[in-house]
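Engineer: Before anything else, here's the structure in question.
The values are calculated or read from the model by the stated rules, or taken from the named source; none is laboratory data. The shown structure was predicted, so the numbers you read here are calculated from the model rather than taken from an experiment. Because the Cβ atoms are built from the backbone with ideal geometry, glycine has one as well, and the counts that use them run over all protein chains shown. Side chains included, ligands, DNA and RNA excluded: accessible areas come from the protein's heavy atoms. Shrake-Rupley method; radii C 1.70, N 1.55, O 1.52, S 1.80 Å.
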Amino acid sequence: MRLLLMKLMINGLITVPFLVIFAGTSFSGAVVTSMLLSVIAYVVGDRFILKVTNNVVATVADLGLAFVFFVLVSGVTMGELSLVELLTLVAGIGVLEYYFHRTFGANLVTSAA
């Protein structure tokens with residue numbers, strides 16, 4: 001649970017300000033979007049993919065997941081992002097995910113939740 005909370009905070013540091021500034025999303029909408037992405041990425045990327053592969057594969061999976069997620073929710077919870085803005089946001093998330101996996105990867109693989 002502690003790792004999920006850390007992931008929520010780490011992803012929130014980049015996604016919330018980015019969505020508020022560049023997509024014109026309300027603060028609450030950006031927080032909800034960030035939380036949804038973080039929970040999905042934690043379950044898929046950290047609890048499943050990282051357990052059977054390595055940091056690079058899990059990070060690439062998180063990048064793809066973030067890209068698809070933001071494309072799908074762009075019309076629902078936030079304004080339109082240009083392709084450059086979208087790629088910048090996803091790249092920022094990718095850097096954070098890489099270091100998150102590198103720092104906490106052993107705990108993610110061995111922890112029960």
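Engineer: Residue 66: hydrophobic (A, V, I, L, M, F, W, C) and either buried (at least 19 other Cβ atoms within 10 Å of the Cβ) or touching a helix residue (DSSP H, G or I) at 6+ places or on another chain (Cβ under 6 Å) (or both), yes or no?
Structural biologist: In short, yes.
Engineer: Return yes when residue 44 is in a helix (DSSP H, G or I), free of Cβ contacts under 8 Å to residues at least 12 places away in the same chain and open to solvent by 30 Å² or more (accessible area, probe 1.4 Å) and no when it is not.
Structural biologist: Working: in a helix (DSSP H, G or I): yes; free of Cβ contacts under 8 Å to residues at least 12 places away in the same chain: no; open to solvent by 30 Å² or more (accessible area, probe 1.4 Å): yes.
When the stated conditions are applied, residue 44 does not pass them.
Engineer: Only one of these is at pLDDT below 90, buried (at least 16 other Cβ atoms within 10 Å of the Cβ) and of a type in the set (Ser, Thr, Tyr): 77, 53, 33. Name it.
Structural biologist: On the way: 53 fails: buried (at least 16 other Cβ atoms within 10 Å of the Cβ); 33 fails: at pLDDT below 90.
Of the residues listed, the single one that is at pLDDT below 90, buried (at least 16 other Cβ atoms within 10 Å of the Cβ) and of a type in the set (Ser, Thr, Tyr) is 77.
Engineer: Restricted to region 81-101, and to residues that are of a type outside the set (A, V, I, L, M, F, W, C) and in contact with a Ser or Thr (Cβ under 9 Å, 6 or more places away or on another chain), which residue is modelled with the lowest pLDDT?
Structural biologist: Taking region 81-101 and keeping what is of a type outside the set (A, V, I, L, M, F, W, C), we get 82, 85, 88, 92, 94, 97-99, 101.
Keeping just the survivors that are in contact with a Ser or Thr (Cβ under 9 Å, 6 or more places away or on another chain) gives 92, 94, 97-98, 101.
Details: 92: 93, 94: 91, 97: 88, 98: 89, 101: 82.
Checked region 81-101; the qualifying residue modelled with the lowest pLDDT is 101.
Engineer: Select from region 33-70 the residues that are charged (D, E, K, R) and more than 16 Å from residue 107 (Cβ to Cβ) and list them in ascending order. If you could, list the steps in order and put the result at the bottom.
Structural biologist: Here is the first cut: in region 33-70, the residues charged (D, E, K, R) are 46-47, 51, 62.
Hit for region 33-70 is 62, nothing else.
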